Amino acid sequence: MSYLVPVTGEGGRVSEVLARLARVDDPELDESVLDLGFVTGVGVDDAGAVDIGFRLPTYWCAANFAFLMADDMRREVASLPWVGRIRLELGDHMYAETINRAMASGQSFQEAFAEEADGNLEAVRHIFALKAFQRRQLAVLNHLSGAGHDEAAILSLSIGGLRSVDLRPEGARLVARYLARRSLVGPAGDADPAFVNERGDAVTPASFAAHRRDLRRVTVNVEFNGALCRGLLAARFGEALPEPAREPTLLDFVRGRAGGRPIPA
Amino acid sequence: MYRTKDGEDIFIIDGHVHNWDARPENQKNVHGAEFINCFYAYHTGLSPKEELWSREKFERYGSEQMVRDLFIDGPDDMAILQPTYLKDFYVNGFNTTEQNAEIAEQHPNRFILNGAFDPRDGERGIEALHALAEKYHLKGVKLYTAEWKGESKGYKLSDKESYRYVEAAQKLGIKNIHVHKGPTILPLNRDAFDVADIDDVATSFQGMNFIVEHCGLPRLDDFCWIATQETNVYAGLAVALPFIHSRPAYFAHIISELLFWVGEDKILYGSDYGIWTPKWLVEKFMNFELPDDVARETGVSLTRETKKKILGLNAARLYDINVEEQKQRLGLRERVAAE
């Protein structure tokens with residue numbers, strides 16, 4: 001798939017910036033801001049200054065999530081060695097001014113929102129990271145049972161065991177995404193159980209049915225919100241958005257339409 | 001009234017309708033413009049193409065159009081008018097109780113008029129609630145917890161002031177509290193759509209019913225859990241239902257989760273008119289069947305009896321509507337099967 005992000009600047013650097021932005025997820029939807037169509041433009045100049053345009057499905061999207069995504073984008077892009085000044089601009093949002101000012105001056109959420117906040121965003125980030133963990137786990141469980149593995153065998157897997165299950169690329173991608181969040185809920189060494197609940201307890205055949213229901217509830221909600229946000233964004237900006245990419249690669253970014261011309265790779 | 005193909009009449013109470021004025025001349029500021037923009041995005045994002053309205057019509061459709069869309073072209077038998085004041089965004093308010101009262105008074109057997117309160121209005125607000133409840137014999141109120149008011153951008157139901165108001169409402173004979181969550185609840189670093197405050201207040205006021213509009217979307221997962229614990233928490237289907245057209249598979253999952261956790265006696269149909277119109281929503285819902293795999297996995301079923309409860313009987317119970325008497329009043333008769 002291609003990202004329809006208008007870009008300006010030298011192709012290699014633009015691709016690097018896009019690859020970094022692809023690592024930033026909407027904390028609630030657990031999808032990349034690029035897949036979601038939130039990034040409206042990327043510009044890189046010869047001095048290494050980077051401009052990033054950014055939008056959300058509605059004027060009213062939650063301030064905390066908007067800030068988290070903006071801040072994550074800033075951090076990801078800042079970690080590229082050649083990057084100088086970064087200007088991130090959120091458009092058409094009730095807190096656009098506050099968030100853009102905070103990004104420009106490096107303020108924290110608490111500093112930016114002062115008396116409207118009573119702390120940082122770590123608690124809310126953790127809540128949604130847990131939901132992402134649950135959703136990713138369900139995707140792996142479904143994939144494994146779809147591939148013919150039986151329930152008892154699946155639940156007895158260790159993390160190392162899960163890593164060595166022979167899976168098609170799609171399965172391997174789901175496992176990697178799941179394991180990236182596995183340490184949120186407890187020790188995640190190779191010998192630790194692969195499938196645990198949100199408190200870190202191993203899921204057993206006896207607890208599996210109830211556990212799976214919990215995961216489903218979270219997953220249904222996230223998918224529903226993802227569909228809603230996508231619909232709102234498309235309606236707001238009058239464009240049809242592609243469904244989420246399965247395996248975005250760097251090539252996808254490079255091949256992305258750039259204001260009607262291909263970006264030189 | 002909706003008539004099934006085999007001739008059964010289904011009595012329908014629409015739990016969530018508005019008669020708003022969002023015309024540019026009534027917009028106070030950019031927030032007013034963006035509020036209706038957001039509604040319009042919901043409308044265009046989830047409606048079937050043939051049901052799309054122009055922006056002008058959407059901003060102000062008016063009473064006549066509303067009555068036609070709900071009761072003449074649409075299958076609703078009754079509808080609950082839910083106010084949304086937004087006086088910081090709209091000169092005369094977006095959709096106030098007083099504005100709704102006009103259409104309710106013209107069609108007294110068709111509409112149930114709900115009021116509203118705002119716990120940030122202090123003593124004066126309690127007095128205003130008294131006056132409103134007496135004047136309109138309110139049985140329900142609609143609260144929008146993310147409404148902006150001066151410096152404040154919202155409140156929680158678990159706030160001390162909210163408790164005072166809920167207590168006052170209860171004394172005034174109001175027993176149904178419809179709650180709509182929004183994005184600006186303070187502190188902003190927390191999850192604004194968290195439904196924990198509803199859990200809290202529902203536990204404290206067992207004699208009242210709490211209808212969570214849009215069934216806690218975007219926190220359906222937490223909402224289901226709370227609604228399981230609290231016998232007086234209900235799910236309003238507004239916003240979830242339109243997915244039946246564009247995303248029927250998601251809708252199947254949502255409704256099956258609600259049936260599993262919340263139960264068929266505690267789910268209320270609402271069109272959220274004028275965002276969406278009842279005709280296609282009810283038609284599609286009546287024709288909707290849960291896919292076998294979803295039904296098997298969740299163990300729930302969506303029978304005609306279940307649909308009747310969701311479409312009208314549950315709301316009738318909450319608002320003391322005797323359905324048979326109401327049909328008489330509306331001139332509707334049960335059809336007697338031909339010999």
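The values are calculated or read from the model by the stated rules, or taken from the named source; none is laboratory data. What you see is a predicted model, and the numbers here were worked out from it, not measured in a lab. Heads up, the Cβs are rebuilt from the backbone with ideal geometry, glycines too, and the neighbour counts pull from every protein chain shown. These accessible areas exclude ligands, DNA and RNA; they are computed on the full protein's heavy atoms, side chains included. Shrake-Rupley method; radii C 1.70, N 1.55, O 1.52, S 1.80 Å.
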(request) Quick one: count up the residues across the stretch B:45-66 that are open to solvent by 30 Å² or more (accessible area, probe 1.4 Å) and under 30 Å from B:Val323 (Cβ atoms). (result) 4
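Residue-by-condition table, conditions (1) of a type in the set (A, V, I, L, M, F, W, C); (2) assigned to a helix (DSSP H, G or I); (3) buried (at least 16 other Cβ atoms within 10 Å of the Cβ); (4) touching a residue at least 24 places away in the same chain (Cβ under 8 Å):
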residue: B:His16; (1), (2), (3), (4): no, no, yes, yes
residue: B:Asn19; (1), (2), (3), (4): no, no, yes, yes
residue: B:His43; (1), (2), (3), (4): no, yes, yes, yes
residue: B:Arg68; (1), (2), (3), (4): no, yes, no, no
residue: B:Pro75; (1), (2), (3), (4): no, no, yes, yes
(request) Kindly indicate whether B:Asp272 is open to solvent by less than 10 Å² (accessible area, probe 1.4 Å), within 12 Å of another protein chain (Cβ to nearest Cβ) and either out of contact with any Phe, Trp or Tyr (no Cβ under 9 Å at 6 or more places or on another chain) or modelled with pLDDT of 95 or more (or both). (result) no
(message) Please verify whether B:Asp265 is at positive phi and open to solvent by 60 Å² or more (accessible area, probe 1.4 Å), treating the condition exactly as stated.
(response) no
(request) Could you please find all residues in the stretch A:159-179 being open to solvent by 20 Å² or more (accessible area, probe 1.4 Å) and either touching a residue at least 40 places away in the same chain (Cβ under 8 Å) or outside the structural domain of A:Gln137 (by TED's automatic domain parsing) (or both)? (result) A:Pro169, A:Glu170, A:Arg173, A:Arg177
(message) Any residue that is among the charged types (D, E, K, R) and under 24 Å from B:Leu157 (Cα atoms) - is there at least one of those in the stretch B:107-116?
(response) no
(request) Determine whether A:Ala102 is over 26 Å from A:Arg212 (Cβ atoms) and open to solvent by 20 Å² or more (accessible area, probe 1.4 Å). (result) no
(request) Read through the list (1) without any contact (Cβ under 8 Å) to a residue 40 or more places away in the chain; (2) out of contact with any Pro (no Cβ under 9 Å at 6 or more places or on another chain); (3) of a type outside the set (Ser, Thr, Tyr), then give the number of the only condition that A:Leu141 fails. (result) (1)
(message) Being within 22 Å of B:Asn176 (Cβ to Cβ), among the acidic types (Asp, Glu) and modelled with pLDDT of 90 or more is the requirement here; does B:Asp320 meet it?
(response) yes
(message) For the stretch B:223-256, give me the residue count where each residue is surrounded by fewer than 22 Cβ atoms within 10 Å (Cβ to Cβ) and not hydrophobic (A, V, I, L, M, F, W, C).
(response) 10
(message) Between a residue in the stretch B:188-200 that is within 12 Å of chain A (Cβ to nearest Cβ) and under 18 Å from A:Cys61 (Cβ atoms) and any residue that is open to solvent by less than 10 Å² (accessible area, probe 1.4 Å) and of a type in the set (Lys, Arg), which pairs come within a Cβ distance under 9 Å, given they are 6 or more apart or on different chains?
(response) B:Asp191/B:Arg219; B:Phe193/B:Arg219; B:Asp194/B:Arg219
(request) With the condition kept exactly as written, say whether any residue in the stretch A:122-140 is open to solvent by less than 40 Å² (accessible area, probe 1.4 Å), at pLDDT below 95 and basic (Lys, Arg). (result) yes
(request) Considering every residue within the stretch A:131-149, establish whether at least one is in the same structural domain as A:Val218 (by TED's automatic domain parsing), under 30 Å from A:Ala66 (Cβ atoms) and touching a strand residue (DSSP E or B) at 6+ places or on another chain (Cβ under 8 Å). (result) yes
(message) What's the number of the only condition in (1) more than 12 Å from chain A (Cβ to nearest Cβ); (2) crowded, with 22+ Cβ neighbours inside 10 Å; (3) of a type outside the set (A, V, I, L, M) that B:Lys284 fails to meet?
(response) (2)
(message) With the requirement that a residue be without any contact (Cβ under 8 Å) to a residue 60 or more places away in the chain, charged (D, E, K, R) and either more than 13 Å from chain A (Cβ to nearest Cβ) or under 12 Å from B:Gly274 (Cα atoms) (or both), what does the stretch B:45-54 give you?
(response) B:Glu50
(message) Out of everything in the stretch B:1-14 that is surrounded by 12 or more Cβ atoms within 10 Å (Cβ to Cβ) and not in a strand (DSSP E or B), what residue ends up being modelled with the lowest pLDDT?
(response) B:Met1
(request) Could you tell me which residue of the stretch B:201-252 is nearest to the chain's Cα centre (by Cα), considering only residues that are more than 14 Å from every other protein chain (Cβ to nearest Cβ) and charged (D, E, K, R)? (result) B:Glu213
